[in-house]
Amino acid sequence: MSRDGSAARASGFRVGDRVVHRAFGEGLIVEVRERDGFEVLEIAFADGIRRLTSLYPLELARGGGRTAGAVPVAAQPVRLGLELPSRGQFRIAPGAEELFQRLLVGPYDDARDHDIRLRVERYTLHRGFDRLLCLDRLRDVQKYEHQVQACKTVLRRMRGRSLLADEVGLGKTIEAGLVLKEYLLRGLVQRALILVPASLVEQWDQELRRKFDLEFAILKHGTAWWEEPLLLASMDTAKLLRHRDKVAAASFDLVVVDEAHRLKNQKTLAWKFLDRLAPRYLLLLTATPVQNDLHELYNLVQLLRPGLLGTYRTFGREFMRRGDRRMPQNTGRLANLLSETMIRTTRASTSIRFPKRDVTNILFDLTGPERDLYDSVTRLVRRLVQGHRETRRGAIKLTLLTLQKEIGSSSFAAVPTLAKLMARETPGQARTELEALVHSARAIEANAKFEGIRKIVESSRDKFVVFTQFRATLEFLARSLRGMGVKVAVFHGALSLREKEAAIAQFRDRARVLVSTEAGGEGRNLQFCHLLVNYDLPWNPMRIEQRIGRLHRLGQTHDVRVFNFTARSTVEAYVLEIVHEKINMFRSVIGDLDMVLGPYAEAGSFEDAVFNIWANAKGERDLDREFGKLGAALLVGRKRYEAVEELDGKLLDGLNDGDA
Amino acid sequence: MATRSRTRERAELPEILSAILESRGATVSKRGGVWEAALPAPLAKSLGTDQVRLVMAPAARAGRGAEADAALTERILLIGRSSGEVARLVAPAPKGARPGAQWVRLHWRIRYGSDEIPEELLVQNLPAGPSGGLRAPRDGTLRPPTPEESRLLPAPDPERLTQAWMRALAQLERRIRERLRPHEERSRRELHREMRTLSIHFRSLIAEERSGRRRRPEDREAGRMLQLKEDWERKLAAAIRQRAFDTEARLVAASLVSLVPEARGGRSAAGAPV
């Protein structure tokens, strides 16, 4: 029931108004409320109280008891009690009354315009989700038939609650983005929340911004994030005690969960948290919904369509083979049930050709001065790390980690950090040593790895991208390439958005080489080029994958060639060995690198592990042993991931066949 | 069926776009399935081009005009939507009928919250005053009034128009309710069925509790079932919310149709059907 406050918005009458009715005479409004979508006025007339809808022509009596400033309804031009009914389920959009007024007094439009308008209205009426509105509004997205079909299935058949379990690399993110954009465009979703692993927040943010033109706020402590209609958060942050109530109270219309296999267990906080959110639309994205136990699939479906697969126990009894928690039985019925909420596209079922990755690792010998500088910096880093007490180590560790990465990139990159360290030191032996390092770093004008670039330029005529982590190296590379007469486009984080677009356009249309920092690795589509040089190697495998992913993606028509430049006996050489030999990440796409990296998946933790081994090593044997252990841990992760992928392939693809 | 509607859309779109451009002063020439529109300066400024090529059935990428350019198409359609909301139209009075009868035509665009019911354009024809027992004139007979007729057409009666309006609203609501009813009832049935399935589980749960098996290891399962029941109750509320059919009706165009005596010698020059 709406009291006089909201009712006043509907018709202008309020409790206490004196009104005149043609038949019943003068009366006093004693109640204004809503019933069945109509405003009902209770009016005390001389012969008793009557209930009338506000659609009856009523006029305010003279001196109708209004407070000063109120405009009597009858005083407004041709009002006629035309306010429209308004209920929860059926409402009339504003503006109708204005058209009515124009019918009465004009001005009238040209009849031809009227006809055109009606034709346009008819044309733009789409039958349900038969035609997706979002397709015309995407930028820089190559859409594939299976993605559009998946989007339509989610919207039409699954009513926005779906498990998107496509195989790796088929664009689950795009499918989720299409659904999200369509709902937003149709006004069916006003508030949306995307929950992703912490390591993917940045990537999602970039993709949503660039491809779908959606500005998502990122959940950060200390901001009023709960007021944001579009929110992106890491699952771990969102489920924190201090956030979870607010997230639940925000009542999001649509929730998307990436890497949803993390919700495989009903007893976890993440599962309970999501269950509590109970959004109208829910999309779970994972390529591997089953890892060890079919009940994991049950738990995911339970979030989407509770009860679809029966109870926990009946599901086990009906669909799981005795003694084997991974193998299903009654697959036909299970497939039927799953097809109500799960979509799985396999590479084999699409005609998409995935390009190969062709990797060449090039090991360089540093020049004499470079080698001396590298070893001196390494000694300095080890001494400072080992010399500091545990409690004080954290403060300086980040600087030293950066320094070690910089010197691995080029001597130019290390100069600013060395200078900063030097400035911190009080005069003494340490400062003298740092001064000497700064001096020798500044004295180096060449870089051994640049020979590799020279050879690529001379031996191939193709465009190529050179990735580096540091601006100083980037500037050196751009300078040197221009010195060779090569047209170079430069891309880094300090450029404005327009300059970034211009740099990409320059590379596409005119330049032969794009030299880019990590900022170029995120969200930019460079698939018109198929040659990539990692001039230095990030210590984080996810970053390496992101770099390659810019070129090696759906729509790339050539096989992608990757050159990894590393110098002998450096951290990068060890990192390369691990990611190349153990994870084998250069050869194939790894869907969930998180699963492979295991405990090292958290942002920075793999880098930390690498740095700790490097900085605490007593000698080369130490390094070999510790890096060997790290590699073995990742190898286990990789094997586990492959086993899960195989299981899901067998299980779910078999179900799909059953469905067909 | 989908194919047929796609074909129709393709055939219609260039016609609509060229009509819009023409109504805004563009010079449009048609050759086969291709329309060429030379835009006047103000239109060229707002669309960012002085020439638009519209192709009925694009055979190759090179031949595509505005149809392929979604953004341009959208901008032109937007121009088409920017006016023409309210019009006065006339129709010839049938033999023996008294000229002067009036009808209100309201075009509502109904947007249903559920994708099960497509968005639709609902047209209402209501007599604005005594219609002499006649039905509203057919679309094909409607035309814009000649300047002379415009001068002679009587101003609409506010009271009669208001009554028509009130009837229109009541009728609109009734029609929307009728449209929604089967879907709502099906939703209710589905929920009911789900609840029945659940109640079977609850019965087994209660039986387990009563039989004293709760002290056995299955106790855990029983506890879990209780938890499940609570979850279900909460989810039921969510499901009902999810299945709400929020509907919005937007009046996109309105016209007042008056019967006029048939002009001698058929329709006047300005009287092309609308």
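The numbers here are math on the coordinates, done by the rules we state, and not lab data. Remember, it's a predicted structure, so these values are computed and weren't measured experimentally. Glycine gets a Cβ as well: all are built from the backbone with ideal geometry, and neighbour counts include every protein chain shown.
Descriptive notes on the structure:
- Take the Cα of B:ARG167, go 7 Å toward its beta carbon, and the backbone nitrogen atoms of the stretch B:100-144 under 15 Å from that spot belong to B:101-106, B:124-137.
- Per residue of B:247-260, other chain Cβ atoms within 10 Å of the residue Cβ number 5 on average.
- Residue by residue along A:303-312, Cβ atoms of other protein chains within 10 Å of the local Cβ number 4 on average.
- Amide H contacts of A:ILE218 (H built 1.01 Å from N, under 5 Å, at least 5 apart or other chain): A:LEU232
- Between A:LEU635 and A:LEU363, the modelled labels are 1.8 nm apart [label points 7 Å from Cα along Cα→Cβ].
- Euclidean distance between Cα centres, the stretch A:209-266 to the stretch B:80-100, Å: 54
- Among A:ALA238, A:PRO197, A:THR268 - extreme Cα towards positive end, dipole of the stretch A:194-270, charges at beta-carbon: A:THR268
- Projected label distance in nm at A:GLU620 and B:ALA38, using a 7 Å step from Cα toward the beta-carbon: 8.1
- Built amide H within the under 5 Å cut-off of B:VAL86, gap 5+: A:ASP109, B:ALA254
- When both the stretch A:155-170 and the stretch A:323-338 are represented by their alpha-carbon centers, they are found 19 Å apart.
- In this label model, A:MET327 and A:ALA505 are separated by 6.1 nm, measuring between points 7 Å along each Cα→Cβ vector.
- A Förster distance of 22 Å, applied to the separation of the beta-carbon atoms of A:ARG454 and A:LEU495, puts the FRET efficiency at 0.25.
- Taken about its Cα centre, the stretch A:272-422 carries a charge dipole of about 500 debye when Lys and Arg each add +1 at the Cβ and Asp and Glu each add -1 at the Cβ.
- Here B:LYS45 is the anchor, and the lysines within straight C-alpha reach of less than 29 Å, apart from those fewer than 8 places off in the same chain, are A:LYS211, A:LYS500, B:LYS30.
- Counting only Cβ charges, +1 for Lys and Arg and -1 for Asp and Glu, the dipole size of the stretch A:416-464 around its Cα centre is about 220 debye.
- For A:ASP358, the amide hydrogen comes within under 5 Å of the amide hydrogens of A:VAL560, A:ARG561, A:VAL562, counting only partners 5 or more places away or on other chains and with H modelled in the peptide plane.
- Euclidean distance between Cα centres, the stretch A:414-449 to the stretch A:91-123, Å: 75
- Theoretical FRET efficiency, 1/(1+(r/R0)^6), r = Cβ-Cβ of A:GLU445 and A:GLU425, R0 25 Å, to 0.05: 0.45
- Spin-label proximity, A:ARG210 to the stretch A:139-180 - amide N less than 19 Å from point 7 Å beyond Cα toward beta carbon: A:139-144, A:169-178
- Cβ neighbours within 10 Å from other chains - mean over A:262-269: 1
- Proximal lysines to A:LYS618, defined as alpha-carbon separation beneath 22 angstrom and excluding residues fewer than eight positions away on the same chain: A:LYS397, A:LYS405, A:LYS629
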